Amino acid sequence: MEKRVKRLNNRIMITSAAAVGGKKEGEGPLGVNFDYIDRSDRFGKETWEQSEAESQFLALNFTLNKKKLQAQDLGVLLAGDLINQCTSSAYGLCDYDTPFLGIYGACSTSAEGLLIASILLDSGHFEKAAAVSSSHFCSAERQFRSPVEYGGQRAPTAQWTVTGAGAFLLEKNTNEQGALIAEFLPGKTRNGGIDDPANMGAAMAPAALDTLLTYFRESKTKPSDFDLILTGDLGYEGSEILKDLSNKEGYCLDGLHNDCGLMIYDRKKQDVHAGGSGCGCAATVLASTILPKLLCGKYRNVLFMATGALMSADSLKQGLTIPAIAHLIHLKGGAAK
């Protein structure tokens, strides 16, 4: 059987990143790290879907400006979101004069984008690429549950969809400071039999476990080899399940694991129930908080594993169980070889 852990032939670095968010994200513990907070959640637009599209535009604009680059300097741009046919990405980034690839991995989209962008750079066809992902609480509620105006009651296991976008610039064989993509592991679709859309953490935990255990076994590493094992977005429910299942397999994550859905909000002070979720959750946490710690040397080795519940509005109406995916990327601090 072919091994799933892959190493790149070239030195692929994340050299710039940016995160934008809404009011609730700005009030959370990581809000101070964001590049921009829009307290109206609208980003200057009339509809929630247009607002999400604009958040992607802003995140990429911040990312490129940090390196004084233009859109035409990119070889390819990858982006995804939760809205049907990834329309937030298509509308938000259509003014960028760059070849565009739309992707969908639900809440795992940020890791999927980084993974595919790395492969495209490593192939030799491109020198620079960008990956962007976003979500918006109101647009996601309208598509998957009930419009916010309906005032539906949320279950205790439900997660709050992040309003925000994260963007990343990747470069090949550069001397720029950044985070090195040392290895990656594409996830496999797993279905744990959960059919409750208000408990996505439980639905995604089996996929996270499969990817993480596969990585440890194939790479011959253990949790203590890393400064941080970061998932996103299992929330409280899924994180507890993952830790319990990992312990039973002989891999203790205590003190090493954290989840983007738990980091972005204060569950005691903000009404988010089990934590955050959405394509924008893992993307904004990685861009705003984790990458700077890799750059300054606080972190040397980080496993970033974004998880996604691969449901649709129609599959939920049909009562189908929810398949899930988890993609893993091993990030090293810029000075690490």
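Outside any helix (DSSP H, G or I) and out of contact with any Lys or Arg (no Cβ under 8 Å at 6 or more places or on another chain): does that describe Thr98? For Thr98, the condition - outside any helix (DSSP H, G or I) and out of contact with any Lys or Arg (no Cβ under 8 Å at 6 or more places or on another chain) - is met. As a summary of the residue check, Glu52 satisfies the conditions (1) over 21 Å from Phe126 (Cβ atoms); (2) over 18 Å from the mean Cα position of the chain (by Cα); (3) in a helix (DSSP H, G or I); (4) not small (Gly, Ala, Ser) except for the one numbered (2). Here Gly166 fulfils each of the conditions (1) under 18 Å from the mean Cα position of the chain (by Cα); (2) on the phi < 0 side of the Ramachandran plot; (3) outside the structural domain of Cys86 (by TED's automatic domain parsing) apart from (3). Mind checking whether some residue in region 76-88 is assigned to a loop (DSSP other than H, G, I, E, B) and touching a Cys at 6+ places or on another chain (Cβ under 7 Å)? Checked against the condition, which is being assigned to a loop (DSSP other than H, G, I, E, B) and touching a Cys at 6+ places or on another chain (Cβ under 7 Å), region 76-88 yields at least one hit. Counting only helices (runs of 4 or more DSSP H) that sit wholly inside region 229-335, those with at least 2 residues that are surrounded by 24 or more Cβ atoms within 10 Å (Cβ to Cβ) are 235-248, 260-263, 279-285, 291-296. Restricting region 210-228 to residues that are part of a helix (DSSP H, G or I) and of a type in the set (Asp, Glu) leaves a set whose member that is surrounded by the most Cβ atoms within 10 Å (Cβ to Cβ) is Asp210.
Go over the candidates Leu114, Leu82, Leu60, Leu74 one by one and state the one that is among the aliphatic types (A, V, I, L, M), buried (at least 17 other Cβ atoms within 10 Å of the Cβ) and farther than 22 Å from Thr163 by Cβ. I'd like the intermediate steps shown before the answer.
Numbers: Leu114 fails: farther than 22 Å from Thr163 by Cβ; Leu82 fails: farther than 22 Å from Thr163 by Cβ; Leu60 fails: farther than 22 Å from Thr163 by Cβ.
From the options Leu114, Leu82, Leu60, Leu74, the qualifying one is Leu74.
Selection of first residues in region 37-62 that are without any contact (Cβ under 8 Å) to a residue 40 or more places away in the chain and of second residues that are surrounded by 19 or more Cβ atoms within 10 Å (Cβ to Cβ) and outside any helix (DSSP H, G or I), restricted to Cβ pairs under 6 Å at least 6 apart or on distinct chains, gives the following pairs, ordered by first then second residue: Ile37/Gly21; Asp38/Gly22; Glu54/Phe43. Do you know which residues across region 243-274 are within 19 Å of Ala208 (Cβ to Cβ) and at pLDDT below 95? Result: Ala274, single match. Of the residues making up region 215-254, those that are in contact (Cβ under 8 Å) with a residue 40 or more places away in the chain and more than 20 Å from the chain's Cα centre (by Cα) are Glu218, Ser219, Asp225, Leu245, Glu249.
The values are calculated or read from the model by the stated rules, or taken from the named source; none is laboratory data. Just so it is clear, the structure is predicted and the values come from calculations on it, not from any experiment. FYI the Cβ positions are ideal-geometry reconstructions off the backbone, even for glycines, and counts take in every protein chain you see.
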